[in-house]
Structure formats: structure tokens, C-alpha cells
Amino acid sequence: MTHLTVPIMVDDPQAALAAADRAAELGADLIEWRIDRLTDDAVGLDQLIERCPLPCIVTCRPIWEGGEYKHDEVGRLALFQRVAGASRPPAYIDVELAAYQSTAAVKPCVESFGDTGLILSAHDFDTRPADLLSKLEAMAQQEACRVIKVAWQARSLRDNIEAFEIIGQKLKPTIALCMGPFGLPSRVLARKFGALLTFASLDDDAATAPGQVSIGQMKNLYRWDSIDSKTQVYGVIGYPVGHSMSPAIHNAGFDQTGYNGVYLPMPIGLGYESFKATVGTWLEFKALHFRGASVTIPHKENLLRFVAEQGGEIEELAQTIGAANTLTVRADGAIYASNTDYAAALDSVCAALDIERGDLGGRRVAVIGAGGAARAVVAGFAAYGAEVVIYNRTPAKALALAEPFGEDGPVVGTALDQLDASDCEMFINCTPIGMHPDVDASPLSAGKLQSLGRGAVVFDTIYNPAETMLVRQAKEAGCVTISGAEMFVRQAAGQFELWTDHAAPRDVFGQVLKKYLGQ
Ligand code: NAP
């Protein structure tokens, strides 16, 4: 069993005990008392250990190892002696390998703890230490050492794989964690690989190490209780990805369908080489069961290149679009790159009109914007025979987007100021005009919308706000309207169905999206 451990930095033992009660209520298995700020004459120290509602670890981390204890070793050992004297001793005491090796008085002090397990630990808050492996060996060789703990600042997602390998060596019960923005997988997947424990803060702002998430996020967002050695791993690859809604959406989908998966943010730094090295390493490490990813800015083009180089399969339209947003790893390990954005846009329109994709042939579609979203929408509608006019602020970009479809092809580009004169029957906004906080803006005038009236389709790909000015005015004019939320949910559903063989719970996705946006 991997213990979900809540570290509590102690100032006032009574307040700390109240915090531990709350951690127990939230489902923690262990408490780590961080007594860095106390001295050996602290009032209430014994009660802290004796009354703890859960088994506990006692840690007094000195400043030189990244903690807050600022007094000398004599004082620290005296503090430990008081802990050892508690009538109900702690389950574990954490001592740094460096202190254990260099201070002779540490060993007898630790041995006086009786049944309390000794965790020998090493931390590096800057990088992966060059001597990591020799430290592990040194810990394993100490007879008194019951648990090995290493934690270091991850340089990239790849460092998580080394943490999993260290746990897998089973030298002794092990804690191997990566800190910082790249380290989340090591924290969440500690359970998958059988680490002794992982840490989660009591509240969002109570982390005791960089990158630590709260127990609420661990349990409710990252599905802690469902994770086991067979859990399939997914994520959102991009940079940055900290604010992505996709983990909330896909994990809710896994919950709803009972699928054994977990979905994580997967930040990968800029550049193809970073993408290739990281995704390559994750795919090679089979025990991870890395089965797919949503891929966003700046890696959509990198995904196509990577899959092509690896001899994987690429969806034809993703190739035409020049960008893919979904990586799927099939059961036999083969990789597939596809784009669920264009399909989501097409199907949003077809559902609103109660038609099939094949019925789009000959329809005149105005696409507003010539960026990434427009590229997918244009390719999708052109592939099903629609005639597309791209209206863009920078006309040259509209022309460039139309150019591959041929001089007399189904796609033409023009300036945005021509939009009011458009004779199209369908309008798709692929610009941020009208997006929060600029909610009073709209790419189409109210007069133009009134002139379109019934039968026309107005589709705003923006999902924040839920109802943009464009959609509101189009509704008032009697047009058929489609919101960006519809497209967002459909593109996520497309990914979910590629990965899981389950029908995506689109209603749940919609609810999560609304909640996330505070709607
Ligand atoms: P992008 O690649 O940056 O392209 C933005 C486009 O909007 C460009 O053509 C740009 O014109 C134009 N634009 C930006 N600001 C403008 C302004 N003030 N006035 C006129 N035109 C302006 O962005 P993207 O990834 O395509 O995303 C565009 C929109 O699509 C976003 O608002 C996003 O919410 C939405 N989207 C929704 C979904 C969904 O699932 N619902 C998915 C993807 C995107 P220039 O070429 O002149 O710079």
C-alpha cells in the first residue's frame, strides 16, 4: 500500500493536531510532522506525537537540506530525544543521509527510537544530483535504514521515469519523488509503482515542497484511490499546461465510466528535441502504460513530425491541417496522430442542423480567422465539399491558408472587413473577438445578423463566456447557433473514445467545463 501522507509544518501543536484531524477526515493515511520550527523545549511536543489521529513521520529538516530548522545538531538531537520519549512513538523518523553519515551522535539517537522506522533521505532542490545512485546505495547499505527517500527537482518529465525505476528496484521500501512543475507524475503515480508513500498538502497553499498538490486534488482530480499497477496513463502535452481544463474533464470521464486511467498535465519545454526525447522516453518505459495525450501549443506540429519519424500512422486530415491534437498509443504499442478539432467542428454543425457530414457539400461557409483553429475548421469543411471563404484581419494569412486548396479550389481568402458583404450561409468565428474579458465585442455586426435571419448558422468557437455577444445576437436574429463549449466537449469526447473504447460521457464533460469556467 502506498500511504497518502499529509505534511504539516508545526508552529502551534494544538493547531497542528486540528489540521491532522482534518487530514484524517479527508482520507490521509499518514501525517508527517514537520517540526523544523520547534526547539527541544517546545510545549505540547509529546501530545503532538501521542494524540496524532494517524500514524506519523517526524521530520526536522535543517536549512542545509532545504528545511527550516536553523539551530545546531545538538539541539536537533535533543528534539529527537523528546520525540523518542513519547509514550506512543512515531511510525517513522526522517533523517538526512548526510547527517547520518557525518554526525556520530545521530546513529545512537535514532536507535533509541525502538520500533520507529528510520527513513534515510536526500533532497536536491536544484536538479538531479550527480551522485543520486551512490546515495541510494549508501542508504540501502545502512542496516538501520528501513526506508529510502530521494527527492529532487525534476529537469523535465523524463526524470519521473527514473523515480519509477528507483522504486522498482525495491532496494528497501522507497520514496522517490520529483519536485517542481515537471514532477507531478512521480507524486500521483507513486501508488502505481508501489512507493511507500507520496505527499499531498492539506490545502492548496500549504505545500511543503515545490510541486506538491493538495490531498483534495490528489483524491478528487487525480483519482488517487483508483490508481493501481495497471492504471493507463494519459495527459495534456503543451507548454504551459498548468491551466488546462483537460485533466478535470478526462479524469471525470474515467470516473464516470469506471475506466482504469489517470490524466495528468505533461509540460514539455519548447522545441522538437524536447518533445521527441520526452515522449520517446515515456513510450519506451512500458510499465508506465502511457496510452495517449492531448497535444496543444506549441507541440501540435511536433506530434506529426514525431509520429512520422517513428513510423506511426497519421490521420489524413491531420496531415492536411498540418497539426494534430491527439496522440493515441494502441494496445500493440503502435502510435497514431489525429486531430479531433475539425471533427468536433463538423459534428457540432451537423448535430445542430440534424444532417450528416456528407450533406455539407456545396454549403457556403465563412470562417473568421486564419490561425490554428481556423486551419482545422477550413480543412474539415473543405474535405466534405463545402465552399469556404476565410475572412482575416491579416488578408495575406487568409490567402496563405486557402492557397494549398488550389486557385479554383473550394477555399478562398479575403480581408475581414469584407465580412458584412458575405453571401455565406454559415459563419464560424475562429478568432478571440468576444472572448473573456472582451465580452462586448463581436466579429459580425448586429445588422448583418438581422439580415441573415432564419436558416443561417452562426458558430462561435469561443467557450468563455458560454454565450458570446455573437451567439446572443445571432439567437435574437433567429439564426441557428452553436457555442464553443459544444466544440470543446466534442473534441475531448473524440479523444476519450479513441483511447478507451467507452462512449464519452459528454454531459459530464459539459458540467466540468461549466464548473471550471464558473458558469
Ligand atoms: P490563433 O492561432 O492565435 O489565431 C487567432 C486568429 O484570430 C488569427 O487569424 C488572428 O488574426 C485573429 N485575431 C486575433 N485577434 C484579433 C482581433 N482583435 N481582431 C481580428 N482578428 C483577430 O488562435 P487559435 O488557436 O486559432 O484560436 C482562436 C480562437 O478559437 C480562440 O478564441 C479559441 O477560444 C477558439 N478555439 C476554440 C476551440 C474549442 O474547442 N471550442 C478550440 C480551439 C480554439 P491575424 O492573423 O491577423 O493575427
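The values are calculated or read from the model by the stated rules, or taken from the named source; none is laboratory data. What you are looking at is a predicted structure, and each value in this text was computed from that prediction instead of being measured. Virtual Cβ from ideal backbone geometry, glycine too; neighbours counted across all protein chains shown. Heads up: the accessible areas ignore ligands, DNA and RNA and are worked out on the full protein's heavy atoms, side chains in. Shrake-Rupley method; radii C 1.70, N 1.55, O 1.52, S 1.80 Å.
Restricting the first member to the range 285-305 and to residues that are on the phi > 0 side of the Ramachandran plot, and the second to residues that are assigned to a loop (DSSP other than H, G, I, E, B) and open to solvent by 40 Å² or more (accessible area, probe 1.4 Å), the beta-carbon pairs closer than 8 Å and six or more apart or on different chains are 289/230. Here 253, 280 are screened, and the one residue that is at pLDDT 95 or above and touching a Phe, Trp or Tyr at 6+ places or on another chain (Cβ under 6 Å) is 253. Here the condition is being within 11 Å of the ligand (Cβ to nearest atom), among the small types (Gly, Ala, Ser) and open to solvent by 20 Å² or more (accessible area, probe 1.4 Å); of 492, 400, 446, 421, it holds for 400 alone.
If only residues of the range 217-241 that are touching an Asp or Glu at 6+ places or on another chain (Cβ under 8 Å) and closer than 20 Å to residue 31 by Cβ are counted, the one that is least open to solvent (accessible area, probe 1.4 Å) is 219.
Against the condition within 13 Å of the ligand (Cβ to nearest atom) and not polar (S, T, N, Q), how does residue 393 come out, does it pass? Outline the logic, then answer.
Details: within 13 Å of the ligand (Cβ to nearest atom): yes; not polar (S, T, N, Q): yes.
Spelling it out, residue 393 is indeed within 13 Å of the ligand (Cβ to nearest atom) and not polar (S, T, N, Q).
Looking across the range 453-476, the residues that are more than 14 Å from the ligand (Cβ to nearest atom), open to solvent by less than 40 Å² (accessible area, probe 1.4 Å) and either modelled with pLDDT of 95 or more or in a helix (DSSP H, G or I) (or both) come down to 456, 457, 458, 474. State all residues of the range 322-366 that are part of a loop (DSSP other than H, G, I, E, B) and surrounded by fewer than 19 Cβ atoms within 10 Å (Cβ to Cβ); if no residue qualifies, say none. Within the range 322-366, 322, 330, 331, 332, 333, 334, 354, 355, 356, 361, 362 meet the criteria. If you filter the range 477-489 down to residues that are in contact with a Lys or Arg (Cβ under 9 Å, 6 or more places away or on another chain) and of a type in the set (Val, Ile, Thr), you find that the one that is nearest to the ligand (Cβ to nearest atom) is 489. Would you confirm whether any residue within the range 232-254 is more than 22 Å from residue 492 (Cα to Cα), of a type in the set (Val, Ile, Thr) and in a loop (DSSP other than H, G, I, E, B)? No, the range 232-254 has no match at all. Exactly one residue out of 126, 40, 94 is part of a loop (DSSP other than H, G, I, E, B) and under 18 Å from residue 209 (Cα atoms): that is 126.
Looking across the range 65-98, the residues that are in contact with a Lys or Arg (Cβ under 8 Å, 6 or more places away or on another chain), over 20 Å from residue 145 (Cα atoms) and open to solvent by less than 40 Å² (accessible area, probe 1.4 Å) come down to 67, 69. Applying the criterion of being open to solvent by 50 Å² or more (accessible area, probe 1.4 Å) and without any contact (Cβ under 8 Å) to a residue 60 or more places away in the chain to the residues of the range 171-206, the residue that is farthest from residue 263 (Cα to Cα) is 171.
Checking the conditions here, which among 385, 380, 413, 409 is within 13 Å of the ligand (Cβ to nearest atom), within 24 Å of residue 324 (Cβ to Cβ) and either of a type in the set (Ser, Thr, Tyr) or outside any strand (DSSP E or B) (or both)? Even if it seems obvious, please write down each step before you answer.
On the way: 385 fails: within 13 Å of the ligand (Cβ to nearest atom); 413 fails: either of a type in the set (Ser, Thr, Tyr) or outside any strand (DSSP E or B) (or both); 409 fails: within 13 Å of the ligand (Cβ to nearest atom).
Going through 385, 380, 413, 409 in turn, the sole match is 380.
Restricting attention to the range 208-228, the residues being touching a Phe, Trp or Tyr at 6+ places or on another chain (Cβ under 8 Å) and of a type in the set (A, V, I, L, M, F, W, C) number 3.
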